[in-house]
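The values are calculated or read from the model by the stated rules, or taken from the named source; none is laboratory data. Keep in mind it's a predicted model, so treat the numbers as computed, not measured. Positions of Cβ are backbone-derived with ideal geometry, glycine not excepted, and every protein chain shown enters the neighbour counts.
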Amino acid sequence: MIFRVALRAIFRNKTRSLLTCLGIIVGIAAVIAVMAIGRGAQVAMVKEISSMGNNLVMIFPERRNQGAVSGGMGQGQTMTAGDAEAVKKELAHLVQGVSPKVETSVQMMYAAKNWSGRVQGVSTDICLIANWEVQDGRFFTENEQERAARVCVIGTTVKTNLFGDEEDAVGKTIRLNNMTFKVIGVLASKGANNWGQDQDDVIMSPYTSVQRYLQRSKFNNINQMNVSLRNMDDLEEAKHEIALLLRQRHHLADWQDNDFETRDTTEIMNTIGSVSTLMTNLLTGVAAISLLVGGIGIMNIMLVSVTERIKEIGLRMSIGATPGNILAQFLLEAVALSTTGGALGLVVGVAGAQVIGKINGWPILIETASGLSAFLFSAIIGMFFGFYPAYRASKLNPIDCLRYE
């Protein structure tokens with residue numbers, strides 16, 4: 001009975017009720033959209049980081065500085081392919097794959113077509129480490145790696161730009177900076193990562209071949225070492241053992257700092273997670289302010305409603321309604337307004353998140369728990385901000401109410 005009376009009072013002023021709900025609608029919609037986009041982004045980032053490699057640890061030579069300018073990680077001359085071989089051999093109980101990495105810019109040519117990009121010199125372990133698969137042909141072998149064979153595998157972007165969609169690239173010879181290399185395989189597509197980088201715009205060749213024919217280096221220096229651990233639970237132990245081995249090989253004294261830097265996917269994911277959480281919390285805070293404004297709006301309208309319906313309150317009390325009945329009626333009206341706003345906000349938020357995700361190509365993850373929590377929160381807002389007007393109505397004197405003009 002009380003619920004029906006409350007609903008009747010709300011529908012009596014539909015426009016005012018809708019405007020009262022507007023703050024709640026905007027607040028809930030903003031919370032849902034922010035959480036959906038934020039969670040989707042986190043999941044996509046984790047997936048993207050995981051695609052970089054299985055239990056990946058990356059080791060870089062020390063930064064090379066020229067005056068006040070840093071050359072960045074991987075530009076030093078303190079790490080060699082022999083270091084990678086030693087890590088693979090002596091720490092086999094912790095690591096399942098190790099690949100040196102050297103990289104250089106090249107001009108790629110085939111017939112009348114050309115394409116510029118970068119060649120990665122890697123080892124045969126890179127497929128295991130970085131989750132690469134070959135869709136056509138094969139990957140190079142350890143024998144080809146040892147003898148620095150001029151062979152390569154190419155990404156689908158390179159294949160499209162040099163050979164088109166119809167011509168088979170496997171078995172063809174291309175020129176990399178005027179050095180001929182035979183294409184022995186085409187890598188399966190990975191697409192663009194979340195930073196917009198095309199992962200398929202790549203050529204991979206044995207690091208020995210890149211060093212000898214493209215870098216023309218007399219040294220065995222590498223830009224990076226990628227290590228795949230057998231178990232990520234052994235991360236700290238593995239990093240410690242790798243550091244000890246490299247320090248020993250580089251003849252560093254106890255007082256000397258490491259001449260290499262270590263990064264792992266856990267650090268990257270933690271950093272991304274912290275930034276994502278910070279942004280989500282910030283935007284959620286803005287949405288919470290909107291909910292606060294909506295709650296205040298409900299309280300104001302309910303106070304106006306109490307003033308407008310003083311005679312109704314007096315009549316109901318005169319025929320037996322208790323102060324508790326009056327309190328419950330106005331409290332239910334406030335909760336009905338806020339939950340209606342919450343339901344509409346939920347619909348608007350889900351739809352808005354889907355539209356934003358589709359327009360920008362962002363992943364969207366809408367969790368049922370988030371929607372239920374937002375809806376419950378809207379009900380709590382109605383109860384909190386509707387209590388004072390309802391309490392004030394329940395304390396009115398029925399005789400004064402009947403005399404009110």
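Quick notes on this structure:
- Scanning the stretch 197-209 for residues that are outside any helix (DSSP H, G or I), among the polar types (S, T, N, Q) and in contact with a helix residue (DSSP H, G or I) (Cβ under 9 Å, 6 or more places away or on another chain) yields Q199, S205.
- For the stretch 238-252, filtering for residues that are surrounded by fewer than 17 Cβ atoms within 10 Å (Cβ to Cβ) and without any contact (Cβ under 8 Å) to a residue 24 or more places away in the chain leaves 6.
- Among (1) under 15 Å from P100 (Cβ atoms); (2) within 27 Å of the chain's Cα centre (by Cα), the one test that Q215 misses: (2)
- Entirely in the stretch 290-405, the helices (runs of 4 or more DSSP H) that have 3 or more residues that are crowded, with 21+ Cβ neighbours inside 10 Å: 323-360, 368-394
- For the stretch 143-164, the criterion of being on the phi > 0 side of the Ramachandran plot, within 36 Å of the chain's Cα centre (by Cα) and in contact (Cβ under 8 Å) with a residue 24 or more places away in the chain is met by none of the residues.
- Residue match in the stretch 392-405 (condition: farther than 28 Å from I32 by Cβ, in contact with a Phe, Trp or Tyr (Cβ under 6 Å, 6 or more places away or on another chain) and in the same structural domain as G40 (by TED's automatic domain parsing)): yes
- Single condition R212 does not satisfy, out of (1) assigned to a loop (DSSP other than H, G, I, E, B); (2) surrounded by fewer than 18 Cβ atoms within 10 Å (Cβ to Cβ); (3) modelled with pLDDT of 85 or more: (1)
- Any hit, the stretch 169-178, residues being surrounded by 18 or more Cβ atoms within 10 Å (Cβ to Cβ) and part of a loop (DSSP other than H, G, I, E, B): yes
- Count - residues of the stretch 81-109 that are part of a strand (DSSP E or B), out of contact with any Asp or Glu (no Cβ under 9 Å at 6 or more places or on another chain) and of a type outside the set (A, V, I, L, M): 5
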